[in-house]
Every structure is written in C-alpha cells, then in structure tokens.
1. Over the range 127-174, with every protein chain in place, what whole percent of the accessible area is carbon and sulfur at 1.4 Å, could you tell me?
2. For the range 1-135, compute Rh as the Kirkwood radius over C-alpha pairs and then the Stokes-Einstein diffusion coefficient at 37 °C and 0.692 mPa s; write the answer in µm²/s, rounded to an integer.
3. Using r as the Cβ-Cβ distance of His103 and Ala198, and R0 as 30 Å, what FRET efficiency do you calculate, to the nearest 0.05?
4. Quick one: compute the contact order of the range 1-134, relative version, from alpha carbon pairs under 8 angstrom and 6+ residues apart, as a percent.
5. Would you mind calculating the relative contact order of the range 65-133 from Cα pairs under 8 angstrom and at least 6 residues apart, reporting the percent as a whole number?
6. What accessible area per residue, rounded to a whole number of Å², is obtained for the range 130-250 using a probe radius of 1.4 Å?
7. Which whole-number percent gives the relative contact order of the chain, counting Cα pairs below 8 Å spaced six or more residues apart?
8. Using a 7 Å offset from the Cα along the Cα-to-Cβ direction at both Arg5 and Asp224, what is the distance between the two label points in nm, to one decimal?
Amino acid sequence: MARHRTPLIAANWKMHGDAAGVQRYLEELLPAVEDRPVEVVVCPPFTLLPAAVMIAAGSRIAIGGQNCHWEERGAFTGEIAPAMLVELGARWAIVGHSERRQHFGETDASTAARARAAQGAGLSVMFCLGETLEQREAGATFTVLERQSAALAGLDPTLLAVAYEPVWAIGTGRNATPEQAQEAHAYLRGRAAAVFGAVPASRLRILYGGSVKPDNAAALLGQDDVDGALVGGASLDVAAFSAIIRCAPG
Ligand code: PEP
C-alpha cells in the first residue's frame, strides 16, 4: 500500500537530561537527520526546552513538551499551559502518556482536554494510548483502544499523531511484535476513519511506542500502518536514536 505519511520518529526523554547533555545530543543528532525523509521530534524535560529550541533552530528537528494543561493559566501548581510551551518554541506536546495515566491520575477526560487545549494553542499533539498486560490477556485490547481513542473526537487530525503504546511494552524491553503493532494500528486507523472520515484517517500518523530499539525498529517501522515511533529509553542514547531514525522507510 502506498504511504501518504512522512515517518515521524520522536524521543521522549522523560525525567532525564541536563544542559550540557542536550547540547551534545542535538549537535550529534543534527547531521543524522539531515536529508532524511523523516520528521524528528525531541521531547526533553521542560527545563531544557529553551536550550533545545535554540540548538535545533532552523533544522529538521522539532522540540516538544512531555505534557500540558487544559487551562490557559491559573492555580495549577506544577503544570504548564500550552501557550507557555508555544512561547518557548515547542511545536509538539505529548499527551496521555501511560506514566501520566498510571502515576498522576490522568483520565480519558483529562487527556482529551489537554489535547484539545494543546491544539487550540497551535501545538501538534502526540496522543498516547494502549492497553495493559491484564487487558491484553483478557482479550480486551480493542475495547480499551476504542474507549481511549474516543478522546480523538473533535481534534484536528492535521495536528495529531496517535501513539499506540502498549503499557506492557513501555520500558520493559519487551516490544510488541510487528504483527501485534500492525493489528492495533490498523484497528486505530479504522477508528480514526470513523472519527475523521476516510481521507484524513489515511493521512493520520500512528506511531508505535514500547521498547523500540535499533534492532527491532526496522521490522516495526516496516508495517503498513506504523508511521513512526515514540522512543523512550533508547532515545537517551543519541547513537541508538540516530540508528532508529535510519530504520524509517523513505
Ligand atoms: C515511552 O516512554 O513513550 C516509551 C515508549 O518508552 P520505552 O521506549 O523506554 O519503552
């Protein structure tokens, strides 16, 4: 099947990184990205966003935040507003990561609100969803994806990448098989067709996340409905992340 979607490879640094490291990392990543038909997004912690934006300015690397709030301002200690990310030069925000859902009480409703607010401020959204091991073993994967993807309604598909991240694969070293990823992505594209209409759904990017490494990236990225990867642990090593980028078909 012909692809109409530029591959997108994104790095989620989680709560890692420092000022010296971000400089070294991006300076090494820049040549790896040059002239490749791929979009690259790096999402460091909030504190490193200004440095990252400055170093990546004018390059093919976009910078993103790892979360954002649904309100424009207010008494929300520890949160960040979408416009604050925009002011720093971020172009993307990760929303609904399973670590946010698991450790910080994020719900389908709060995730949907964050995504809407992010797009409202002009950010593109990497919208994470995926089932737990218990849900998969109970045969409930599609039920969970159906429920979580309901939050996509009302979003702008042109400012969106859905990230299928099975919780059991995140940070565990146990990636979904290419077939499992393709099955879930095809399901999600079908859901997106219902939400956005067939044409935008065929253009919607659906990323896979969960223990992506240089040695499994090519097989995962080679699946018809896998349009890129959201990479956690392996993205901390610029050589590994560059190797994953090189696996993107193009
Ligand atoms: C993630 O944090 O989004 C992720 C996919 O992590 P890892 O690659 O470490 O599994």
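1. The computed percentage sits at 54.
2. Answer, rounded: 209 µm²/s.
3. So, using R0 = 30 Å, E works out to roughly 0.20.
4. Relative contact order for the range 1-134 comes out at 20 percent.
5. Numbers: 98 pairs, mean separation 26.8, N = 69.
Relative contact order of the range 65-133: 39 percent.
6. 39
7. Averaging sequence separation for qualifying contacts and normalising by length gives 21 percent for the chain.
8. So the label points at Arg5 and Asp224 sit 1.3 nm apart.
The values are calculated or read from the model by the stated rules, or taken from the named source; none is laboratory data. All of these numbers come straight from a predicted model, not from anything done at the bench. Glycine gets a Cβ as well: all are built from the backbone with ideal geometry, and neighbour counts include every protein chain shown. Calculation scope for accessible area: heavy atoms of the full protein, side chains included, ligands and nucleic acids excluded. Shrake-Rupley method; radii C 1.70, N 1.55, O 1.52, S 1.80 Å.
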